[in-house]
Structures are given as C-alpha cells and as structure tokens.
1. Which residues, counting only those in the range 187-205, are in contact with a Gly (Cβ under 6 Å, 6 or more places away or on another chain) and modelled with pLDDT under 85?
2. If you scan the range 101-121, which residues turn out to be surrounded by fewer than 21 Cβ atoms within 10 Å (Cβ to Cβ) and either closer than 15 Å to residue 28 by Cα or among the small types (Gly, Ala, Ser) (or both)?
3. Could you say which residue among 75, 90 is of a type in the set (Phe, Trp, Tyr), touching a Ser or Thr at 6+ places or on another chain (Cβ under 8 Å) and more than 15 Å from residue 37 (Cβ to Cβ)?
4. Going by what's in this entry, would residue 40 be described as in contact with a helix residue (DSSP H, G or I) (Cβ under 6 Å, 6 or more places away or on another chain), over 20 Å from residue 192 (Cβ atoms) and crowded, with 23+ Cβ neighbours inside 10 Å?
5. Scan 22, 32 and give me the residue that is without any contact (Cβ under 8 Å) to a residue 12 or more places away in the chain and over 15 Å from residue 309 (Cα atoms).
6. Could you please find all residues in the range 1-56 being hydrophobic (A, V, I, L, M, F, W, C) and in a loop (DSSP other than H, G, I, E, B)?
7. When you check residue 59 against the structure, is it basic (Lys, Arg) and outside any loop (DSSP other than H, G, I, E, B), yes or no?
8. When the residues of the range 154-172 are filtered to those that are assigned to a loop (DSSP other than H, G, I, E, B) and within 15 Å of the chain's Cα centre (by Cα), which remaining residue is modelled with the highest pLDDT?
Amino acid sequence: MALLSLIIPVYLNEDSLGSLLEAVGDLDLKLEHDFEAVFVVDGSPDRCYEILRDALSQRSFRSQLILLSKNFGSFMAIRTGLQAGKGDRFAVMAADLQEPPELVLQMSAILATKDIDVVVGVRESREDPMLSRMASSIFWWVYRRYVITDLPPGGVDMFGCNKAFRDSLLTLNEGHSSLVAQIFWLGFRREIVTYSRRKREHGKSAWTFRKKLNYLMDSVFSFTDLPVRLLVRLGMTGSLVAMLLGVVVLIAKISGMISVPGYAMTILIISFLGSLNLLGIGIVGSYAWRAYENTKNRPLAIPMRIESFGSENE
C-alpha cells in the first residue's frame, strides 16, 4: 500500500493530546503501518510541543513534529505539514477530535480505489451548542453566497488528496487566502463524504469570532470582486438619486417652495457621501494591501524545529 501522511495542526490542544495520540495510533494499526502523522505546532503558547516531543518518542508509528516560530494560522500550518509529508496520499484532521478519525480511513480508501484526486468531508450534523451552530450556519451561508457557490452547506473542515492535488495546492503561494476556497478553485476530480461533528470534549476552541471574520474577509477579497462591484453599483445609484434630488430642489426653488436652506439635510448628505467615500477607500485598500503582501515573497510560515520519530528512525 502507498503511504498516507496525516497532517494535524496543533494550537491550544494540550488537554486533547492524549486522546489524539491514541486515535492516531489506532489509525496506524488499521492502515497496517503504511502511515505517518505530521504534527504542526502553530506557535501554541501552551506545552503542546513539549508533550508531543516526549510522547512521540514512545510511540511506534512514524511521525514528524514541526514547531513553527509563531502562530501563522491553521491554513499555513496545514501547508507546512503538506510540504513535509512523505506520503503518496494526504489527509488533514483537526487536533480537537471533533471530526471522527475514522473519516481518514474512508478518505484513504476512496483515494486508493477510485479515480478521485480530492475528498472533502462535509458536516451533516453537529453536536455544538445552539449559538455556535447558528453562527456557523450564517458563516457558511455567506461563504457559499458570495465566495464559493458550489461549497456544501455544512462547510468543510477535513479533506484528503493525492500527491498531484497536493503539489498543485502548494503552487498557490498566497498569504491571507482561504484553504477551502483554494481546494474548490483548483477543481480536479472531487468526491464528498459526510459526517457528524462531535461535541468538543477538551478545552475551548481557538476559532473565535474575530478569526472567523478575518477568514471570511480573506476569502472574499481573494476570490471575488463582489465588494468592488457592489461599491460601483452603490455609487451609480447614489449619483442617480443625487441627480433626481437636484432636479426636485431646483424646481422647488424656482417655484418658491424653498425659503430657508435645509441645514439638516445638507449635513446628512455630506455625512452620507463622506462615509461612502471612506467605505470605498477601505474596500479598494483591502485589495491593494493583499496584492502588496503577495509581492513581498516572504515565507508563509517558518518551521523552527523539525523532528522525526517512529520505526524508520530506530
């Protein structure tokens, strides 16, 4: 069998590492040791790196442990793991175990037996609190509506792919982008598998509202010109309304209906147009800043330490 590289980004997952290592060891047995785990510690401020370093030296499965120099984000951590993986097939799994590890086996089997390049895991249901489910539903609805229209309604958190797809994905050397959008933008032969997302048992999610908002903005500004098109339409509509209002005011002035200049209306119009200008500058500036960032050619992530463990290093 061909080797499967499982990429696991790690950030603030200290409490779940014991269960995670047991699950990874079980995957190694079921894959008959044609398996390696690549743990990428994304500058986590807790003891994730030290715990994994000590624990992996006692485990029999092949593994790599990569420590990034700071928190670059889960997307960059996954890219780093994909670059380091030595397998012929690849899968990505979160360290909090909310996605069932058995899904990795299903993805691996599909990649091995079918003419499929990438398998995406789609949430069929989730056991999260109601507010979390509502926020997630709104997030993915906006994502599907304005970024990737063929994205599944439940969103994507896990995926598996072959080496050709991995190599193509790594050619998209873009900062401030969206991994999910890149997967769907690339195309290739794709298959979807569904799963039920489990309730989080350890710790608190680092996927905060601020990070979700930033991720959504990166996705929008990297994959669609919708904000610019909306701004153009809003500007055209505003200009048309202003012209009509000017005609109305002129007629009213000539007919003597206006005796005192409208101070309040003047201030409101000035405030509205000033806010519209600021909005336009902000939208255009967001595109310009992202384009400028991509011209710097800085590394998207910096591995500070890379260690290997397992049978091939004994």
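The values are calculated or read from the model by the stated rules, or taken from the named source; none is laboratory data. Source: prediction; values computed, not measured. Don't worry about glycine lacking a Cβ; one is built from the backbone with ideal geometry, like all the others, and counts go over all protein chains shown.
1. 195
2. 101, 102, 103, 105, 106, 109, 112
3. On the way: 90 fails: more than 15 Å from residue 37 (Cβ to Cβ).
Only one candidate qualifies: 75.
4. Values: in contact with a helix residue (DSSP H, G or I) (Cβ under 6 Å, 6 or more places away or on another chain): yes; over 20 Å from residue 192 (Cβ atoms): yes; crowded, with 23+ Cβ neighbours inside 10 Å: yes.
In short, yes.
5. 22
6. 1, 2, 3, 12, 31
7. Details: basic (Lys, Arg): yes; outside any loop (DSSP other than H, G, I, E, B): no.
Answer is no for this residue.
8. It comes out as 172.
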